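The values are calculated or read from the model by the stated rules, or taken from the named source; none is laboratory data. Only a predicted model underlies this, so the values are computations on that prediction, with no experimental measurement involved. Every residue, glycine among them, receives a Cβ derived from its backbone with ideal geometry; neighbour counts consider all protein chains shown.
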Amino acid sequence: NAGVTQTPKFRVLKTGQSMTLLCAQDMNHEYMYWYRQDPGMGLRLIHYSVGEGTTAKGEVPDGYNVSRLKKQNFLLGLESAAPSQTSVYFCASTQRENYEQYFGPGTRLTVT
Amino acid sequence: LAKTTQPISMDSYEGQEVNITCSHNNIATNDYITWYQQFPSQGPRFIIQGYKTKVTNEVASLFIPADRKSSTLSLPRVSLSDTAVYYCLVGDEDYGQNFVFGPGTRLSVLP
């Protein structure tokens, strides 16, 4: 039982490049989330999903897209990376809202 | 609009009890209050959750008054390893009652 895993752990992008971050969970959770955390700040919700095939915008969705084609996977895409997207990205999952969220180890992304 | 308000930072000494209070004046009737802990370079970790009165587990206690407009996380006899950021969360109706993390309280435990 691996819990929540994130791929990759680190990545450096040039401005304008694209990439996809993968989050996978093996707990059969319905809800999944993508957050970003800037230095010294709390986490900010980018997008979330309340079930397979659904996605919704969070606080800071601009510049990101997501997909939840399979229940266990939640993908976060950056179509044209910008330096302002340099951050640590965390994925989380839970059975439903108001329940304990399980977090992945994070992806550290730098955009130059 | 922030859903919760908590102190930005607190200092304590090893062995002391630490109480962190959070205000959530607009909490919804069906909302739970949840606290998370985050160490540097790690994702947040669930500590405790409650709806009203008092909840206790092996790590902490959570006190919630009858009006539920605030809550207090109590950490007994803290150690250096309790140095972390602590987040108080309630659901946000703008995001399907899912959590919105604020800046949290940075707790520093000194020897």
Checked the stretch B:12-30 for anything modelled with pLDDT of 95 or more and part of a loop (DSSP other than H, G, I, E, B); matches are B:Glu14, B:Gly15, B:Gln16, B:Glu17
> For the stretch A:81-95, does any single residue satisfy the condition of being over 19 Å from B:Gly43 (Cα atoms), more than 10 Å from chain B (Cβ to nearest Cβ), touching a Gly at 6+ places or on another chain (Cβ under 7 Å) and in a loop (DSSP other than H, G, I, E, B)?
Replying inline: yes
Scanning the stretch B:82-110 residue by residue, those modelled with pLDDT under 95 and more than 8 Å from chain A (Cβ to nearest Cβ) turn out to be B:Cys88, B:Leu89, B:Val90, B:Asp92, B:Glu93, B:Asp94
Picking from B:Val18, B:Val100, the residue that is of a type in the set (Val, Ile, Thr) and either over 30 Å from A:Lys9 (Cα atoms) or out of contact with any Ser or Thr (no Cβ under 9 Å at 6 or more places or on another chain) (or both) would be B:Val18
Taking the stretch A:100-112 and the residues there that are under 20 Å from B:Gly43 (Cβ atoms), outside any strand (DSSP E or B) and in contact (Cβ under 8 Å) with a residue 60 or more places away in the chain, the one that is farthest from the chain's Cα centre (by Cα) would be A:Gln101
Scanning the stretch A:3-39 residue by residue, those within 14 Å of another protein chain (Cβ to nearest Cβ), free of Cβ contacts under 8 Å to residues at least 60 places away in the same chain and over 17 Å from B:Tyr36 (Cβ atoms) turn out to be A:Asp38, A:Pro39
Within the stretch A:40-67, the residues that are at the interface with chain B (Cβ under 10 Å from one of its Cβ atoms) and without any contact (Cβ under 8 Å) to a residue 12 or more places away in the chain are A:Gly40, A:Met41, A:Gly42, A:Ala56, A:Lys57
If you go through the stretch A:65-76 one residue at a time, do you hit one that is closer than 16 Å to A:Val4 by Cα, surrounded by 16 or more Cβ atoms within 10 Å (Cβ to Cβ), in contact with a Lys or Arg (Cβ under 9 Å, 6 or more places away or on another chain) and of a type outside the set (Gly, Ala, Ser)?
yes
Examine the stretch B:11-29 for a residue that is surrounded by fewer than 20 Cβ atoms within 10 Å (Cβ to Cβ), of a type in the set (Val, Ile, Thr), farther than 25 Å from A:Gly106 by Cβ and free of Cβ contacts under 8 Å to residues at least 60 places away in the same chain, and state whether such a residue exists.
yes
When B:Phe46 is run through (1) closer than 24 Å to A:Gly106 by Cβ; (2) at the interface with another protein chain (Cβ under 7 Å from one of its Cβ atoms); (3) in contact (Cβ under 8 Å) with a residue 24 or more places away in the chain, the failure sits at (3)
Only unsatisfied item for B:Ser41, checking (1) on the phi < 0 side of the Ramachandran plot; (2) surrounded by fewer than 17 Cβ atoms within 10 Å (Cβ to Cβ); (3) over 15 Å from the mean Cα position of the chain (by Cα); (4) within 14 Å of chain A (Cβ to nearest Cβ), is (1)
